[in-house]
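Just below is one structure, and these are the notes that go with it.
The values are calculated or read from the model by the stated rules, or taken from the named source; none is laboratory data. Note that the coordinates shown come from a computational prediction; the quantities given were computed from them, not determined experimentally. Cβ placement follows ideal geometry from the backbone for every residue including glycine, while neighbour counts extend to all protein chains displayed. Surface areas here come from the heavy atoms of the whole protein model, side chains and all, with no ligands, DNA or RNA. Shrake-Rupley method; radii C 1.70, N 1.55, O 1.52, S 1.80 Å.
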Amino acid sequence: FRTYLFPDTLSPADFPDALRLTDAHWPLIRKYDAKMEPSRRAVFAIVVDNRIVSTCESARENARSAEAWVRTLPKYRGQGFARQVTAAWGCYLKQQGKVPFYSHRPDNVASRSLASSLGLIHVFDGVGYE
């Protein structure tokens, strides 16, 4: 996998349509992923036609850092939604004093493009053995 850090250059202008989900969004969350818990960790989303179509939340998080987990419904890919929710998530984590990072498999072209479009800083490649 390839791992990146978020630059300090991202700002709210990079995520004009992203919103932070709360428990008040439960009717939308239930339709998208009933296991999602926005009260336990920050979840940023794009909502189109009263439907969550893209989210970024922490796959793993501790007191110092967090790793992004991005999902976009197939019909809505390629429209910049993943970029917005990921930028919003990264900015929020930085404001909380944490180090946000993003990882992907080397063969995941869409994730590599997302990292590039956000100007993420490549820090290392990891290798796993079974």
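If each DSSP helix of 4+ residues adds -39,500 (n - 2.57) and the sum is divided by the residues in the chain, what number results at 222 nm, nearest 500 deg cm²/dmol?
Values: 3 runs with 33 residues, N = 130.
So the calculated ellipticity at 222 nm is -7500 deg cm²/dmol.
Taking only Cα atoms, what is the 0 to 90° angle, nearest 10, from helix 81-95's long axis to the longest principal axis of the chain? Relative to the chain, helix 81-95 is tipped by roughly 80 degrees. With the whole protein complex present, ASP23 retains an accessible surface near 90 Å², based on a 1.4 Å probe. Compactness of the chain is given as radius of gyration and Dmax, 14.2, 44 Å, from Cα positions. Relative to one another, the C-alpha centroids of segment 1-50 and segment 66-87 are positioned 9 Å apart. The charge dipole of the chain, taken about its Cα centre with unit charges on the Cβ of Lys, Arg, Asp and Glu (plus for the first two, minus for the last two), comes to roughly 200 debye.
Where in segment 33-72 are there trypsin sites (Lys or Arg not before Pro) that are in a DSSP coil and have at most 11 other Cβ atoms within 10 angstrom of their Cβ?
Working: sites: LYS35, ARG40, ARG41, ARG51, ARG60, ARG64, ARG71; in loops: LYS35, ARG40, ARG41, ARG64.
Hits after loop and neighbour filter: LYS35, ARG40, ARG64.
Please label the shape of segment 88-130 as rounded, prolate or oblate, based on the square roots a ≥ b ≥ c of the eigenvalues of the alpha-carbon gyration tensor (a/c under 1.5 means rounded; beyond that, a/b larger than b/c means prolate, else oblate). In terms of gyration-tensor shape, oblate. Relative to the longest principal axis of the Cα atoms of the chain, helix 109-118 runs at roughly 90 degrees.
Seen from ARG112, the other residues with C-beta closer than 10 Å to its C-beta sum to a net charge of +1, counting Lys and Arg as +1 and Asp and Glu as -1.
For the chain, which whole-number percentage of the solvent-accessible area (1.4 Å probe, protein heavy atoms only) is attributable to carbon and sulfur atoms? Of the solvent-accessible surface of the chain, carbon and sulfur hold 50 percent.
The 1.4 Å probe gives accessible areas that order PHE124, PHE15, largest first, as PHE124, PHE15. Quick check for you: with a 1.4 Å probe and neighbouring chains kept, what is the accessible area per residue of the chain, in Å²? Ligands and nucleic acids excluded, the figure is 59 Å² per residue. Extent of segment 13-83 along its three principal axes (Cα atoms, max minus min coordinate, largest first): 35, 26, 22 Å. Across the chain, the relative contact order, built from alpha-carbon pairs under 8 Å that are at least six residues apart, equals 36 percent.
Suppose R0 equals 41 Å. What FRET efficiency, 1/(1 + (r/R0)^6) with r the Cβ-Cβ distance, do LEU28 and PHE124 give to the nearest 0.05?
Details: r = 36 Å, r/R0 = 0.88.
According to the calculation, E is roughly 0.70.
Which is farthest toward the positive dipole end of segment 50-130 among PHE101, ASN62, LEU114, measuring Cα position about the Cα centre, with Cβ charges +1 (Lys, Arg) and -1 (Asp, Glu)? Ranked along the dipole, the leading option is LEU114.
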